[in-house]
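**Student:** Structure below; questions to follow.
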């Protein structure tokens, strides 16, 4: 027949393991059976503990050989740490939602800018085509011996003159 202190330690041990397994799942979404939880996990376990200096002594032993006082301390500190972690997670989630909203706004702005950029690109292509057409007309007029002087002061009237000459040539 097991001693009463052993039963108590076994019960606290199980509670601690269950709380730690729930903590691992809650934070990392890793399922670890309570009997497989380690205070000193190996790298392949996929989890690690972050503890305060006051609770560091709890991690120095294994759960199966821990003293009742350390198991009680571990159980109470798990609950406190879970509350702190929940609060930090909520803050992180709020920040994530804010960042996502900002990212969506930026995506929308990018779509508008891309559309505007495409419009400007199309206008530039159209202007280049107009200039190329004007050059062809100018070259054909020059080949026919008609000279056209383009001055910097009278560009608008010269442009009008090119259009008039172009319409005459095309007629």
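Computed from the coordinates by the stated procedures, all read-outs in this text should not be read as laboratory data. Values in this document were obtained by computation on a predicted structure and should not be read as measured data. Cβ atoms come from the backbone with ideal geometry, glycine included; neighbour counts cover every protein chain shown.
**Student:** Sort 108-117, 17-26 for me by packing, meaning the mean count of neighbouring Cβ atoms within 10 Å per residue, highest on top.
**Tutor:** Most protected by this proxy first, the peptides run 17-26, 108-117.
**Student:** Between residue 92 and residue 45, what is 0.36 nm times their sequence separation minus the Cα-Cα distance? Round to one decimal in nm.
**Tutor:** That pair, residue 92 and residue 45, stretches by 14.4 nm at full extension.
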